[in-house]
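A quick write-up on the structure given underneath.
No lab work stands behind these numbers, since they all come straight from the coordinates. Because the structure is a prediction, the values reported are computed rather than measured. All Cβ positions, glycine included, derive from the backbone under ideal geometry; neighbour counts span all protein chains shown.
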């Protein structure tokens, strides 16, 4: 167990991720929405560049493969 590592499933706008990064934790964040993921890459670039944050544009499902992702406009 790594007590310095946090998983943020459902990154959204990164509020929880930001809290943990500022406390010095390393974070692996998962966001299925391509637009929220892109914003996160920009907003948290320095943390990503310093290997404190890994941001993944993926969804989590019980089955392998691809799924249609719907965004409520």
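Ranked by the mean number of other Cβ atoms within 10 Å of their residues, highest first, the peptides 2-11, 47-56, 27-36, 62-71 come out as 27-36, 47-56, 2-11, 62-71. Give the angle, between 0 and 90 degrees and rounded to the nearest 10, that separates the Cα long axis of helix 34-43 from the longest principal axis of the Cα atoms of the chain. On a 0 to 90 degree scale, this one is about 20. Taking every alpha-carbon pair under 8 Å whose residues sit at least 6 apart, the chain reaches a relative contact order of 29 percent. Each of (i) 35, 29, 18; (ii) 65, 35, 21; (iii) 37, 20, 17 is a candidate for Cα extents along the principal axes in Å; the one calculated from this structure is (i).
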